[in-house]
Amino acid sequence: MGSLVETVRDPAKRKAVLDDCVVLIDQEVASKRGLTGIAVKGAFKSVKSLKPGMVRQSMDALLDDFSTKVEPFWQDCQSTGATPRTYFSRRKVDVANALLSITDQRAQTSKHRVLVKAYKSLRGKAIQHIGDAMPRFGDLLQKHAS
């Protein structure tokens, strides 16, 4: 079985994972519609305008913690023989809560007021947004950690 933690610790693989994470985030933001979509796109634009490359840098800073939180789900997915897209879609709330435990903690200690404000404005719908990304997330895991 492939280890997600080991994958992101390999410098060559990490770069490819980060590239695909940034693409996944861009695709998810672009897919949002309605009033929520306007809010998500506005917050994302604010974050990106603060500092070019910030999304990638933030993902790089979070990737080790994220991989540690997702590893048990990934191992369970592999041991059950489920397709990652199906497994992670089915477990979307659990995975979202695991990832949000990290970002919630970081938001409490961050000195970047604009980022914290954007995060807090979207936090109420975060489980839904992360859940919406699970099919793509499952595909990303299958591509890099299998």
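Every number in this text was worked out from the coordinates using simple rules, so none of it is lab data. Here the structure is a predicted model, which means the values were calculated and not measured. Here the Cβ is made from the backbone with ideal geometry for all residues, glycine too, and neighbour counts use every protein chain on show.
Go ahead and estimate [θ] at 222 nm for the chain from helices alone: -39,500 (n - 2.57) per DSSP H run with n ≥ 4, summed, over the residue count, rounded to 500.
-28000 deg cm²/dmol
Within the range 85-108, what residues put their amide N at less than 17 Å from the label point 7 Å along the Cα-to-Cβ vector of Lys51?
Counting backbone N atoms under 17 Å from the label point, the list is 106-108.
Among Ala12, Ala133, Ala98, which one moves the most in a GNM of the chain with springs linking Cα atoms closer than 10 Å?
Comparing Ala12, Ala133, Ala98 in a Gaussian network model of the chain, the most mobile one is Ala12.
Once the Cβ-Cβ distance between Lys15 and Lys125 is put in as r, and R0 is 35 Å, what FRET efficiency do you end up with, to the nearest 0.05?
On the way: r = 31 Å, r/R0 = 0.88.
Result of the calculation: an efficiency of 0.70.
State the extension gain, in nm to one decimal, for the chain segment bounded by Val23 and Thr83, taking 0.36 nm per residue of separation less the distance between their alpha-carbons.
Here the answer is 19.5 nm.
Spelling out what I want: for every residue of the range 37-54, take phi, set θ = phi - 60°, compute 6.51 cos²θ - 1.76 cosθ + 1.60 (Karplus), and round to whole Hz; glycine and proline get x.
x, 4, 5, 5, 5, x, 5, 5, 4, 4, 4, 5, 6, 4, 7, x, x, 5
For the chain, what is the Kirkwood hydrodynamic radius in Å, using each pair of distinct C-alpha atoms?
About 15.7 Å for the chain.
Determine the gain in length on full extension of the stretch Ala39-Asp94; use 0.36 nm per residue of separation and subtract their C-alpha separation, reporting nm with one decimal.
Value of the extension gain: 17.4 nm.
To the nearest 20 debye, what is the magnitude of the charge dipole of the range 4-145 about its Cα centre, counting +1 on the Cβ of each Lys and Arg and -1 on the Cβ of each Asp and Glu?
Dipole of the range 4-145, to the nearest 20 debye: 740 debye.
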